[in-house]
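J.: After the structure tokens below, expect a handful of questions from me.
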Amino acid sequence: VMEQLSFFAEKPPLKITKPVRLIELFAGIGSQAKALENLGVPFETYRVVEFDRYALLSYNAVHHTQFVTQDITQVHASDLCITDTDTYEYIMTYSFPCQDLSNAGHQKGMTKGSGTRSGLLWEVERILDECEELPQILLMENVPAVIGEKNKADFDMWLAFLEGKGYTNEYAIINAADYGVPQHRERCFMVSFLGDYSFKFPDGAEIKYFLKDYLEDEVDEKYYLSDEAVRGLVRANDGI
């Protein structure tokens, strides 16, 4: 009877109890590192993988780092130096390119071997397969279409791979407007973690500030679009 009761016992919540080493694949300007910083989470910016040199220049300026550009297709697990996971909590983010998933793009998809930018997801599969010690927590953010009808089969394949590695996956479509941000912006977030824990996404937050609160009362004219630029945008929008 006790065994049956323990089977139905509530799982302990996912908690971070060790020093955090952050690994950002497809790092961009480091918005995920900035989020941890804004939350007051102590962490070490451990490894960054970003191909776009302008994005990385911004990353280094924002985070006071000196990382160099890297092509994820040339990165191996040994480059990430995931060691001593008994001492450190490794959080690896992998918000892979959305251009081939987004409704605003060509929707070429993320099928393994397709060669699309969104298909770079599968480089993360290769890297995880190479790992002798796995990062304990994985974080992903992408457009809602990542779990849409066109991409669901590929997403399910990705879930199955992670489960085969021992990860538990929790994902949800979250709207920034429900979390105190004055913008309707839906994104798919997924948290994957090793171990028998429970996790739920946080409740929303009331909007306290609106767009008008962020706009400046006076803006230098040099930031205005010229009449010709406006006409160009109108022509492009009309397909002329």
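The values are calculated or read from the model by the stated rules, or taken from the named source; none is laboratory data. Being a predicted model, the structure only gives us computed values, none of them experimental. Quick reminder, even Gly has a Cβ in these numbers, built from the backbone with ideal geometry, and neighbours come from all protein chains shown. Each accessible area value is taken on the protein alone, full model and side chains, heavy atoms only, with ligands, DNA and RNA left out. Shrake-Rupley method; radii C 1.70, N 1.55, O 1.52, S 1.80 Å.
J.: Per residue, how much accessible surface does the chain expose to a 1.4 Å probe? Answer in Å², no decimals.
T.: Spelled out: the 1.4 Å probe surface of the chain, per residue, equals 64 Å².
J.: Let me ask something additional. Highest mean first, what order results for 71-77, 151-157 on Cβ atoms within 10 Å?
T.: In descending order of packing, they fall as 151-157, 71-77.
J.: On to the next question. Per-residue ellipticity at 222 nm for the chain, helices alone: DSSP H runs ≥ 4 residues times -39500 (n - 2.57), over residue total, nearest 500 deg cm²/dmol?
T.: -7500 deg cm²/dmol
J.: Over all directions, how big on average is the projection of the convex hull of the alpha-carbon atoms in the range 113-152, in square nanometres?
T.: 3.6 nm²
J.: Ok, one more. What does the charge add up to near Gln99, with Lys and Arg as +1, Asp and Glu as -1, over the other residues with Cβ less than 13 Å from its Cβ?
T.: Neighbour charge sum, excluding Gln99 itself: 0.
J.: Any idea how far the Cα center of the range 108-185 sits from the one of the range 186-220, in Å?
T.: 19 Å
J.: Could you pull out the pairs from Lys112/Lys165; Lys11/Lys200; Lys34/Lys112; Lys34/Lys152; Lys34/Lys222 whose alpha carbons sit more than 21 Å apart here?
T.: Where the Cα-Cα span goes over 21 Å, the pairs concerned are Lys34/Lys112; Lys34/Lys152; Lys34/Lys222.
J.: Then there's this: Tell me, what are the semi-axes, in whole angstrom and largest first, of the equivalent ellipsoid of the range 77-184 as set by the roots of 5 times the Cα gyration tensor eigenvalues?
T.: Working through the eigenvalues yields semi-axes of 26, 19, 12 Å.
J.: Which three lengths, in whole Å and largest first, does the range 58-117 cover when its Cα atoms are put on their principal axes?
T.: Reported extents, whole Å, longest axis first: 42, 29, 20.
J.: Hey, if you put +1 on the Cβ of every Lys and Arg and -1 on every Asp and Glu Cβ in the chain, which of Gln66, Thr116, Phe201 ends up farthest toward the positive end of that dipole?
T.: In the chain, that residue is Thr116.
J.: For the chain, with all protein chains present and a 1.4 Å probe, just round the carbon and sulfur fraction of the accessible area to a whole percent.
T.: Percent of accessible area from carbon and sulfur atoms in the chain: 53.
J.: For the range 150-240, treating each Cα as an identical point scatterer without solvent, what Debye log10 I(q)/I(0) comes out at q = 0.13, 0.19, 0.22 1/Å?
T.: -0.78, -0.98, -1.10
J.: Next question. About its Cα centre, what dipole magnitude does the range 34-148 give when the only charges are +1 on Lys and Arg Cβ and -1 on Asp and Glu Cβ, stated in debye to the nearest 20?
T.: Here the size comes out at about 640 debye.
J.: If you don't mind, there's one more thing I want to ask. In cubic angstrom, how much convex hull volume per residue do the alpha carbon atoms of the chain span?
T.: About 192 Å³ per residue, rounded to a whole number.
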